[in-house]
Amino acid sequence: MNVEIALEKIEPQAAEAYVDSIDAQAEHAKLAQGLEDAFEAMLAHEDEDERVLYMNSAENALTARDGLASVRAAATLIASAPALVAKMDAKLAAIDAGLAQNARLLVALNALRRREASALDAPERAASWWYSARSNCDFLASLYQETESAARVTQKHNAAHLATCADCQRDVESASLAYTPKHIPASSLWRREQGHATSAELAFMDSHAAHCKDCKRAVDALAVREED
């Protein structure tokens, strides 16, 4: 391939100098900010301008990380590749440190992430956590976003996902989901209907429904369905 021929002509010293120039600490900070911006984009679903701003910033961060993966792939085709690849791997490990486990923050970009991941070969797709990890967990958005009508219980495909996704189940249980919704999330309604809601969730729903007409209708609707 022409690309491989071109890479083979790159001087090892030049390639090593480029890898040495990568500031892992700075790249880690950029990527971490990208995850935070993706999360902010999810919370800003009612402010389109703000949402687009955060989405663009997060997309740029993921594109930059994917570009570094391309550098790593190119390094395997350059003379003295083993040493260069080892050095690049160390850089990437420092860049990714602690971030993959927070991939749930990226769910606002899931459509883009699935599209990008689908263009990769299976091994690369699995390794490219910034595109693949939690990319099917669209359900997570309902944990943070207000619903326009709390009477609408989680859509069937989201309910099915929660029933089979251990990661999402842990997120629902986790107290680290610190965002407190202004209305009862569809996920909590679904868990209540299925008998999986925690005592804390039930207390919040009953307390909130006492002064929110929309949410009271949703809770009452579940009670009627249970009686039937």
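Hey, could you check the range 28-49 for residues that are more than 25 Å from ALA94 (Cβ to Cβ) and of a type in the set (Gly, Ala, Ser) and say which is modelled with the lowest pLDDT? The extreme case among them is ALA44.
Among the criteria (1) modelled with pLDDT under 95; (2) out of contact with any Phe, Trp or Tyr (no Cβ under 8 Å at 6 or more places or on another chain); (3) more than 21 Å from ALA97 (Cβ to Cβ), the one ASN56 does not fulfil is (1). Mind checking which pairs have a first residue in the range 127-141 that is on the phi < 0 side of the Ramachandran plot and part of a loop (DSSP other than H, G, I, E, B) and a second that is among the charged types (D, E, K, R) and at pLDDT 95 or above, Cβ under 7 Å, 6 or more apart or different chains? Filtered contacts from the range 127-141: SER128/ASP66; SER135/ARG113; SER135/ARG114.
Taking the criterion of being at pLDDT below 65 and among the charged types (D, E, K, R), the residues of the range 129-178 that qualify are GLU146, GLU148, ARG152, LYS156.
The values are calculated or read from the model by the stated rules, or taken from the named source; none is laboratory data. Remember, predicted model here, so these are calculated numbers, not experimental data. Please note: Cβ atoms are built from the backbone with ideal geometry, for glycine as well, and neighbour counts cover all protein chains shown.
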